[in-house]
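In what follows, a structure is listed as structure tokens, so that the remarks can point back to it.
The values are calculated or read from the model by the stated rules, or taken from the named source; none is laboratory data. All of these numbers come straight from a predicted model, not from anything done at the bench. Only protein heavy atoms, including side chains, enter the accessible area calculation; ligands, DNA and RNA are left aside. Shrake-Rupley method; radii C 1.70, N 1.55, O 1.52, S 1.80 Å.
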Amino acid sequence: MTSYLVDRCQGDGCSGFAQVGSASGITFSDAGLAAGISYSYRVRARDAAGNAGGYSNVAGAMTASAP
């Protein structure tokens with residue numbers, strides 16, 4: 001494994017995922033998100049030859065509301 005490809009879409013149960021970045025470790029920081037919105041993420045591993053594996057289960061997150 002060389003890296004993880006990270007996809008995101010907006011909302012619970014959404015299906016329009018788009019790749020938003022990659023990570024070389026187990027953490028990923030996603031900047032510039034709107035306040036009080038839920039997002040869904042999925043990842044897949046990519047090896048040194050550039051081959052991507054299958055997608056992970058979808059995980060959800062919600063940003064904090066604006067003060």
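Quick rundown of the values:
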quantity	calculated
Size descriptor, Kirkwood hydrodynamic radius, that averages inverse alpha-carbon separations across the chain, Å	12.7
Accessible-area composition of the chain, carbon plus sulfur, in percent [1.4 Å probe]	50
Selected from GLY21, GLY54, GLY32 as most flexible by GNM, with the chain as the system and alpha-carbon contacts under 10 Å	GLY32
